[in-house]
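Derivation of every value follows stated rules applied to the coordinates shown; laboratory data play no part. In this text, all values refer to a predicted model and were calculated from it rather than measured experimentally. Here the Cβ is made from the backbone with ideal geometry for all residues, glycine too, and neighbour counts use every protein chain on show.
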């Protein structure tokens, strides 16, 4: 169908591998939901397939990269406004899995890639990659389904293996420490917040107070940081940060397709960016399931578990 320019792959995670390949081979630009693959092997295969067609867009829906607050943080890190970053804490929560009577869906099925490790962990790890670019050299983690049983459509109770909660402690090669967490079984209000600490300042964000900063020049004072280009819906918290961020990403995609100029898509996550994210996601699963610390060695440009 020549009138189709872009294929959005929004199916459950196990279908990404085949459907993305079919769309790329058909000559279409692709926007794939995260994670790109179920594991590193699938991710590498899709990176290689897309790499053979450099004239086509191969994007991942890490829409937070286009959020004005997220972009402002990146600019401030790059400008040295907070000095050398040494610690980041980030947390997301929702009530999506809190209902004990919710019927069984693929989101509760580990074989279908349900769970917050892939659903939210991919976003948080991508932001670490987007902001700092430094490689992760160590991973510790924990996962919990929270609601450990669900009644399936057949009426039988089934054990839930997909994570309703995860936490991850990362060490970057720069020495920076990162702690990420998410729960889909919260009883409270939705949240997305982070605190980033540097030698000369710190940045804080939450959905109510938005972006704030504190700096050596005014120690003890935390002040709002002006951010332009924010939609009214986001300022007033009438949209989620994920849906709201896609409102910035989608027009950039449309503009690029109409003009052929991909400049506005510079912040976007390409398939190649999924490699570092998937390495950490796989290590997180292994560390949580085995109760171990996973350290990486880097040899000839490739990763190995040691």
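Within the chain, antiparallel bridges make up roughly 75 percent of the DSSP beta bridges whose residues both belong there.
Averaged over residues, the count of other Cβ atoms within 10 Å places the peptides 273-282, 244-253 in the sequence 273-282, 244-253, highest first.
By the beta-carbon count within 10 Å of each Cβ, the least crowded to most crowded order of 58, 163, fewest first, is 58, 163.
Each 5 Å bin from zero up to the one holding the largest Cα-Cα distance in region 66-210 carries the following percent of pairs: 2, 9, 18, 19, 16, 13, 10, 6, 4, 2, 1, 0.
Each listed q (0.09, 0.13 Å⁻¹) maps to a log10 I(q)/I(0) for the chain from the Debye sum over equal C-alpha point scatterers, namely -0.47, -1.01. Of the peptides 164-170, 196-202, the order by per-residue mean of other Cβ atoms within 10 Å, starting with the highest, comes out as 164-170, 196-202. Here 158, 228 are placed in order of increasing Cβ neighbour count within 10 Å, fewest first, which gives 228, 158.
For the chain, the mean residue ellipticity at 222 nm estimated from helices alone is -9000 deg cm²/dmol, where every DSSP H run of n ≥ 4 contributes -39500 (n - 2.57) and the total is divided by all residues, rounded to the nearest 500.
Between the C-alpha center of region 184-209 and that of region 80-151 there is a gap of 15 Å.
Hydrodynamic estimate: the Kirkwood radius of region 37-127 over Cα pairs, inserted into Stokes-Einstein at 25 °C and 0.890 mPa s, corresponds to D of 148 µm²/s. Pairwise Cα distances in region 1-47 exceed 18 Å in 23 percent of cases.
The Kirkwood radius of region 144-287, taken over pairs of alpha-carbon atoms, gives through the Stokes-Einstein law at 10 °C and 1.306 mPa s a diffusion coefficient of 82 µm² s⁻¹. Residue exposure proxy: 8, 32, ordered by other Cβ atoms within 10 angstrom of their Cβ from fewest to most, comes out as 8, 32.
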